[in-house]
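Q: Supplied in structure tokens, the structure appears directly below.
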Amino acid sequence: MKAVVYKEPFSVAVENVPDPKILHPNDTIVRITSSCICGSDLHMYEGRTAAEPGIVFGHENMGVIEEVGAAVKDRKVGDRVVMPFNVACGFCKNCLGGFTGFCTTVNPGFAGGAYGYVAMGPWVGGQAEYMQVPFADFNCLPLPEGTEHEADFALLADIFPTGYHGAELAGVRPGESVAVFGAGPVGLMAVYSSLIRGAAEVYSIDHVPERLAKAAEIGAIPINYDEGDPVKQIKDRRGTGVDKGIDAVGYQATKAGSSAVGGQQDEVPNIVLNQLIDVVNPTGALGIPGLYVPSDPGGVSESASRGALSLNFGRLFEKGLSLGTGQCNVKQYNAYLRDMIISGRAKPSFVVSHEVPLDEAPDAYTKFDRREDGYTKVILHP
Ligand SMILES: NC(=O)c1ccc[n+]([C@@H]2O[C@H](COP(=O)([O-])OP(=O)(O)OC[C@H]3O[C@@H](n4cnc5c(N)ncnc54)[C@H](O)[C@@H]3O)[C@@H](O)[C@H]2O)c1
Ligand SMILES: [Zn+2]
Ligand SMILES: [Zn+2]
């Protein structure tokens, strides 16, 4: 089958790889209809992780079940399904606690597995024609038959739940004010989720004009950090900080005036974390779905290469702030968010800017990585 294969930094190719097989009676094989490119893929694409050439990318996958193992009970051939990016067993201690992003079964020696991702286990990605899904009854979320809401449902694999997770980690409640750093797909979903949860005022901070425009379209107040310190811009408007803050940027955060290409020399990995500590009012909370890694081959300093960042922890303590981090436990949210899409209460596909055939993946990676031509969220259709 055809699949998107990582070759070297800034290069992927569509190549023939072996078809996936049922390896365990709990497996299914899914024929992929949609697989998205994620900001998380770009960390690997840019050579900023330990990912080795040859890995098949793709952790945001949906499709139709083609084959089921003998022990799969509720999923059937022909079912339309979307898979959380987390691969999880459903029965380990973390899964039982709802922490399916930290499953200890699927990636021995580590807590957490994912498709097509460095250090997340043997699971081959779904930017391909077919994909093996283990523990299929647990990992395949059923969807209504047909083709309706395809782009909305595809976002249930990661970014809609992850944006919601950011709002959940920050404990966003009705009537609150929220600052969301990053207006990439995850940031836009964090803005959207904060509004769904009833926030009164949401600030969206970025410097890519198309992305800030999308945030404004759904009701956020856009703040361009190239036009001045975003914390000051928010405090000047409000006369105070905000109740809650969300980091949807991660360790490749850049300083003001950096090129949209995100030149490494412009990176300041701790900038957003310290701005959050600054902008959130005393007793508030920080939700940090933005990715931070313990090993970054391209780190801007020796300590950054180890993921050791300097934080204003004294200020955080003094303000009595709480914070939450980590991979999204997609299973906690995906069925509920699916039902919001079906009932017409949510339409996350407003973030999708491009839908292209699998063969065009190399070009889509290049443009998405440069955040050019309005590339905000790309869905590949094998
Ligand atoms: N926790 C999880 O489960 C999970 C899941 C998916 C993605 N992620 C992570 O979430 C982050 C965002 O993902 P994405 O797909 O939206 O990525 P993205 O790269 O498309 O978006 C990041 C945005 O942050 C902006 N940015 C850079 N520096 C900034 C700064 N100093 N202040 C404000 N904005 C700044 C960029 O311009 C860009 O628009 C990534 O780190 C990704 O790895 C985490
Ligand atoms: Zn993703
Ligand atoms: Zn588990």
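Q: Modelling each spin label as a point 7 Å along the Cα-to-Cβ direction, I'd like the Ala71/Glu372 distance in nm, to one decimal.
A: Taking the two extended label points, one gets 5.0 nm.
Q: Now for a separate question. Under a straight-distance cross-link criterion of Cα-Cα below 20 Å, which aspartates and glutamates are reachable from Lys93, leaving out those fewer than 8 residues away in the same chain?
A: Answer for Lys93, where 20 Å is the Cα cut-off: Asp137, listed by chain and number.
Q: Rank by packing, highest mean first: peptides 107-120, 232-245, with packing defined as the count of other Cβ atoms within 10 Å averaged across residues.
A: 107-120, 232-245
Q: I need the fraction of alpha carbon pairs in the stretch 225-309 separated by more than 15 Å, rounded to a whole percent.
A: The calculated P(r) of the stretch 225-309 puts 61 percent of pairs beyond 15 Å.
Q: Pull up the DSSP beta bridges for the chain and report the antiparallel fraction as a percent, rounded to 5.
A: Here the share of antiparallel DSSP bridges comes out near 55 percent.
Q: On to the next question. Under the definition of Cα pairs under 8 Å and six or more residues apart, what whole-number percent is the relative contact order of the chain?
A: Computed value for the chain: 18 percent relative contact order.
Q: Quick check: from the Cα gyration tensor, does the stretch 270-382 come out rounded (a/c under 1.5), prolate or oblate?
A: Cα axes put the stretch 270-382 in the oblate bin.
Q: Next question, about the same structure. Restricting everything to alpha-carbon atoms, can you work out Rg to Rh for the stretch 163-325 with a Kirkwood hydrodynamic radius?
A: Radius of gyration relative to Kirkwood radius: 0.94.
Q: On a straight-distance basis, which lysines could pair with Lys7 in a cross-link, Cα separation under 27 angstrom, same-chain partners fewer than 8 positions away excluded?
A: Within reach: Lys21, Lys367, Lys377.
Q: Could you name the lysines whose alpha carbon sits less than 17 Å from that of Lys235, not counting residues in the same chain fewer than 8 places away?
A: Here the lysines satisfying the reach criterion relative to Lys235 are Lys244, Lys319.
Q: Here's a follow-up. With springs only between Cα atoms under 10 Å, which of Val293, Val124, Val133 fluctuates most in a Gaussian network model of the chain?
A: Fluctuation is largest for Val293.
Q: What relative contact order, as a whole-number percentage, does the stretch 143-286 give when Cα pairs under 8 Å and 6 or more residues apart are counted?
A: Details: 267 pairs, mean separation 32.8, N = 144.
In percent, rounded to a whole number, it is 23.
Q: A further question on this structure: Please list the non-local residues whose amide H lies under 5 Å from the amide H of Val202, H modeled 1.01 Å from N, same-chain partners needing a gap of 5 or more.
A: Under 5 Å from the amide H of Val202 lie the amide H atoms of Val178, Ile221, each far enough along the sequence or on another chain.
Q: Further question on the same structure: Please list the three semi-axes, largest first and in whole Å, of the ellipsoid equivalent to the chain, using sqrt of 5 times the eigenvalues of its alpha carbon gyration tensor.
A: 33, 22, 20
Q: Just report the Cα centroid separation between the stretch 222-260 and the stretch 27-42, whole Å.
A: Using only Cα atoms, the two centres lie 31 Å from each other.
Q: Can I ask one more? What's the magnitude of the charge dipole for the chain around its Cα centre, counting Lys and Arg as +1 and Asp and Glu as -1 at the beta-carbon? Answer in Debye, nearest 20.
A: 1060
Q: Moving to a separate point now. Report, in deg cm²/dmol and to the nearest 500, the calculated mean residue ellipticity at 222 nm for the chain, where each DSSP H run with n ≥ 4 adds -39500 (n - 2.57) and the sum is divided by the residue count.
A: Numbers: 13 runs with 98 residues, N = 382.
For the chain, the value works out to -6500 deg cm²/dmol.
Q: Further question: Only Lys, Arg, Asp and Glu count, each charged at its Cβ (+1, +1, -1, -1), so figure out the dipole size of the stretch 263-382 about its Cα centre, rounded to 20 debye.
A: The dipole magnitude comes to about 620 debye.
Q: Please sort 71-80, 171-180 by packing, taking for each peptide the average over its residues of neighbouring beta carbons within 10 angstrom, highest first.
A: Most protected by this proxy first, the peptides run 171-180, 71-80.
Readers should treat all values here as calculations from the given coordinates under stated rules, not as data from a laboratory. These numbers were taken from a predicted model, which means no experiment stands behind them. Positions of Cβ are backbone-derived with ideal geometry, glycine not excepted, and every protein chain shown enters the neighbour counts.
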